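Q: Dumping the structure here so I can ask a few things about it.
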2 protein chains.
Amino acid sequence: MIPDSPSAETTIQERQPLRVCVLGATGLVGRAMVRLLEERQFPVAELVPLASAKPRTDHLTFRGESIPVRPVRAEEFAGADLVLSSAGGDRSREWLPVAVEAGAVCIDNTSAFRMDPEVPLIVPEVNGDLLDSISFGQGRIIANPNCSTIQLVVALEPLRRAFGLERVLVSTYQSISGAGRGAVERFTQTTRELLEGGARAADAPPAFDVLPLIGDTEEGGPTTEERKMLEETPKILREPVPMDVTCVRVPVFTGHAEAVSVQTKFPVRWQEALQVLSKAPGIQVHPGTIPPTPAQVAGDGLVHVGRVRPSQALEHGLQFWVVADNLLKGAAWNAVQIAEQLVASQRCSPVGA
Amino acid sequence: MIPDSPSAETTIQERQPLRVCVLGATGLVGRAMVRLLEERQFPVAELVPLASAKPRTDHLTFRGESIPVRPVRAEEFAGADLVLSSAGGDRSREWLPVAVEAGAVCIDNTSAFRMDPEVPLIVPEVNGDLLDSISFGQGRIIANPNCSTIQLVVALEPLRRAFGLERVLVSTYQSISGAGRGAVERFTQTTRELLEGGARAADAPPAFDVLPLIGDTEEGGPTTEERKMLEETPKILREPVPMDVTCVRVPVFTGHAEAVSVQTKFPVRWQEALQVLSKAPGIQVHPGTIPPTPAQVAGDGLVHVGRVRPSQALEHGLQFWVVADNLLKGAAWNAVQIAEQLVASQRCSPVGA
């Protein structure tokens, strides 16, 4: 399901295997990370699944072996080459400095360090070149962007390069799994209860409902989720982009969708945009009249773009629809992809360079 | 649940009661129309529920009486004062000319006549003045706009009057009930099956999914649903408005939501916009940080506006979130509201004028 990257494919198995810690290993994203490390035959010497003091699961299966999930402690990071973190911002802030001190490269899926000017915020298809200066043993944090930002910038970057970006307007349709495992369980339960004629609890997830409030907000301002997209997008694209963003939680298990309008700097026909997108890395375009949907693309590592058409409201504009699996390209796969690129670039570097 | 309109309230019961035909009386919207006629104490002398040859229901209850649902035939329109139609475009095209010939005023909830230049397309809060020239006995068609258009223009009109409209960008979150009773039944069934681990049928409604394809489309163009909003909005606002529209079906039973960005002609602060919207007819604004949601407003005749905030992408712009019950303000209530206004204006007209 994850697209092959031939250069990584031929190299990652040749490198000295790594000691890999996964922080938040029992969550939805942590589990996907562990599964991807196995599927991609990532060069793991030792896998160290870490979780909070009372993990939901005692053991994880990796390459057919049952591996105990350990409570996170400073000692676990000794000798770690790579830390994949998806245990919440507070835990990343607490533990990643410890791991960095121990010399590990940390790929952080939380928002803790994303806007730190010292921390690269990476989507390999867009700004993977920033990884060239990073090598294992260095003790560095690399940030994984927010799920809804990743799929957006994968689609925006080829358009930016070809036609320039003047402004971007996005409305999202974000699945429940983006809120974690507990939210999925409560959502499933609420959906069952409502189907049986039950009443809706005040703080229940939006079963049979949509909610334009992910995180917190102040009156007259964006939500925390919207702020992430507003701040992360220009950092990844390496240029300012005026944006309107509305982030909405929808009753879908997995897969985020986005309705996007962009004003380009130069005139563009939608057929040209389709061409440019179809040649861009990490994208599957859906020409014709059948758009991709979240349920269809769940389990898939690509960013799917459909309904490419002219903007009628903006000069030099386009409208399109972007869908991706928020747990994979939006989180675990983007992180593992960064790790693979680091492994590949190490092998290609001249010895002692 | 339906807001009182004091002028109508005092007059509709005084007028000579009307013979009212409801075409498509057993559908979701038809049933809501019948319920509203009763709740609003509309001056009905005789209610004639009409449906296709094999209606799903034999009888409807109106004012405590069981009334047979009759197959639609030309004779039923003889002596009809008012026809409320919600039986699909083909049936409106077939039967409304017959009803007009018989002298009835027809309020049509289908798309059949909306873009006919001879047919007024009415949202009472926006362009209800166009009803002034219409009276019972005249044989006229009045079109009810599409559900997603109605709630949009109720929110746009006060902003247009106060600040002017330069461009409008809308992404919708449209509930399943907009696709009719059959769709709701199949959606419920599909949701149950998926919860029990069943597989998804190819043409099933979007249970746990979102689909940006309502109606048909051509590659590079809008869908039929999007085209309705693109064409109806300027007709109702009585000025051209460049628009980007993405219409998306979401797994919600009832209530449509819309994320909107507008560029105004003149500078506007979001607090001013909130003021203007809070004084506008038919709107309930939601200041503060808790936005309205479809499930919350279902059963309510108002248009709910929340998350009013500045646009960051457009000059002189605003972003906001609009929610309404698509079966009520988006369909049945807007139609009955038009009928009430016609009744009220007749009483106020000087006799013989």
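Just so it is clear, none of the values below were taken in a lab; they were calculated from the coordinates. Predicted, not measured: the structure shown is a model, and the values here were computed from it. Every residue, glycine as well, gets a Cβ built from its backbone with ideal geometry; the counts of neighbours run over all protein chains shown.
Q: Using a label point 7 Å beyond Cα on the Cα-Cβ vector, give me the inter-copy distances for B:Ser135 in nanometres, one decimal, shortest first.
A: From this label point to the equivalent ones elsewhere in the assembly: 9.2 nm.
Q: I've got another one for you. In nm, to one decimal, how far is the B:Arg181 label point from the B:Arg161 one, both placed 7 Å along Cα→Cβ?
A: Each label point lies 7 Å from its Cα, and together they span 3.8 nm.
Q: Can you work out which chain B residue has the shortest Cβ-to-axis distance for the rotation that carries B onto A, and give it in Å?
A: Smallest Cβ distance to the axis, with its residue: B:Ser171, 2.
Q: Work through the residues other than B:Pro242 whose Cβ is under 9 Å from its Cβ and net out their charges, Lys, Arg +1 and Asp, Glu -1.
A: Here the count lands on -1.
Q: Now a separate question. From the phi of every residue in the range B:291-298, what ³J(HN,Hα) in whole Hz does the Karplus formula 6.51 cos²θ - 1.76 cosθ + 1.60 yield, where θ is phi - 60° and glycine or proline is x?
A: x, x, 10, x, 4, 5, 8, 4
Q: With θ taken as phi - 60° and the coefficients 6.51, -1.76 and 1.60, list the Karplus ³J(HN,Hα) couplings across the range A:250-262 in order, rounded to whole Hz; mark glycine and proline as x.
A: Result, ordered by residue: 10, x, 10, 5, 9, x, 9, 10, 9, 9, 10, 10, 10 Hz.
Q: May I ask you to work out the translational diffusion coefficient for chain B at 4 °C, viscosity 1.567 mPa s, via Stokes-Einstein with Rh from the Kirkwood sum over Cα pairs, reported in whole µm²/s?
A: The calculation lands on 62 µm²/s.
Q: Still on this structure, I have one more. When DSSP assigns beta bridges and you keep just the ones with both residues in the range B:148-325, what percent turn out antiparallel, to the nearest 5?
A: 70 percent
Q: For peptide A:238-251, compute the average count of partner chain beta-carbon atoms within 10 Å of each residue's beta-carbon.
A: For peptide A:238-251, the averaged partner shielding equals 5.
Q: Now, a different point. Please say if the range B:272-326 is rounded, prolate or oblate, where rounded means a/c under 1.5 for a ≥ b ≥ c the square roots of the C-alpha gyration tensor eigenvalues, and otherwise the choice is prolate for a/b larger than b/c and oblate otherwise?
A: prolate
Q: Counting only other residues whose beta carbon sits under 15 Å from that of B:Gly288, what net charge do I get with K and R as +1, D and E as -1?
A: -1
Q: Can you compute the modelled spin-label distance between B:Glu218 and A:Arg238, with each label point 7 Å from Cα toward Cβ, in nm?
A: 4.1 nm
Q: Assigning unit charges at the beta carbon (Lys, Arg +1; Asp, Glu -1) and nothing else, what dipole magnitude in debye, to the nearest 20, does the protein assembly as shown show about its Cα centre?
A: 200 debye
Q: While we're here: For B:Pro267, go 7 angstrom from Cα along the Cα-to-Cβ vector, then report the distances to that same point in the other copies in nm, smallest first.
A: 3.4
Q: On to the next question. As a test, work out the antiparallel percent of DSSP beta bridges whose residues both lie in chain A, rounded to the nearest 5.
A: In chain A, approximately 45 percent of DSSP beta bridges are antiparallel ones.
Q: If every alpha-carbon in the protein assembly as shown counts as one equal scatterer, what log10 I(q)/I(0) does Debye give at q = 0.08 1/Å?
A: So the normalised log intensities work out to -0.66.
Q: I need to check one value: relative contact order of the range A:148-326, counting alpha carbon pairs closer than 8 Å and at least 6 residues apart, in percent.
A: With pairs under 8 Å counted, the relative contact order is 30 percent.
Q: Shielding by partners for B:316-322, please: the mean number of other protein chain Cβ atoms within 10 Å of each residue's Cβ.
A: 3
Q: Taking the range A:265-347, which GluC sites (Glu not before Pro) meet the DSSP loop condition and have no more than 15 other C-beta atoms within 10 Å?
A: A:Glu315
Q: If you don't mind, another one. Suppose each label sits 7 Å from its Cα in the direction of the beta carbon; what would the A:Thr188-A:Glu315 distance come out to in nanometres?
A: 5.3 nm
Q: Something else about it: Could you line up B:His316, B:His59, B:His304 from fewest to most neighbouring Cβ atoms inside 10 Å?
A: Lowest to highest Cβ neighbour count: B:His59, B:His316, B:His304.
Q: Further question on the same structure: To two decimal places, what compactness ratio does the range A:148-326 give when its Cα radius of gyration is scaled by 2.2 N^0.38 Å?
A: Dividing the Cα Rg of the range A:148-326 by 2.2 N^0.38 Å gives 1.08.
Q: For chain B, which span is the longest to avoid every loop-located (per DSSP) member of trypsin sites (Lys or Arg not before Pro) having at most 16 other Cβ atoms inside 10 Å?
A: For trypsin sites (Lys or Arg not before Pro) (loop position, at most 16 other Cβ atoms within 10 Å), the longest site-free span of chain B is B:74-199.
Q: A follow-up question, please. Amide H to amide H, which residues 5 or more places from A:Gln284 or on other chains are under 5 Å from it, using H placed in the peptide plane?
A: Sorted by chain and number, the residues that satisfy this are A:Val303, A:His304, A:Val305.
Q: Which whole-Hz ³J(HN,Hα) couplings does the range B:139-146 yield from phi under the Karplus relation 6.51 cos²θ - 1.76 cosθ + 1.60, θ = phi - 60°, glycine and proline marked x?
A: Using θ = phi - 60°, the values come out as x, 9, 9, 10, 9, 8, x, 5 Hz.
Q: All other residues with a Cβ under 15 Å from the Cβ of B:Gln263 taken together, and with Lys, Arg as +1 and Asp, Glu as -1, what is their net charge?
A: So the environment of B:Gln263 carries a net charge of -1.
Q: Distances in nm, one decimal, shortest first, from B:His59 to the same residue in every other copy, taking the label point 7 angstrom along Cα→Cβ.
A: 6.7
Q: Here's another thing I want to ask about it. If one computes the Cα centroid of the range A:313-343 and of the range A:91-112, what distance in Å separates the two points?
A: Using only Cα atoms, the two centres lie 23 Å from each other.
Q: I've got another one for you. Fewest to most neighbouring Cβ within 10 Å: what's the order for A:Glu193, B:Glu101?
A: B:Glu101, A:Glu193
Q: How many angstrom lie between the C-alpha centres of the range A:176-201 and the range B:201-226?
A: Centre-to-centre (Cα) distance: 25 Å.
Q: Other chains near A:163-172: what is the mean number of their Cβ atoms within 10 Å of each residue's Cβ?
A: 4
Q: Separate question: Nearest 500 deg cm²/dmol is fine: what mean residue ellipticity at 222 nm does chain B get from its DSSP H runs of n ≥ 4 alone, each adding -39,500 (n - 2.57), divided by its residue count?
A: -9500 deg cm²/dmol
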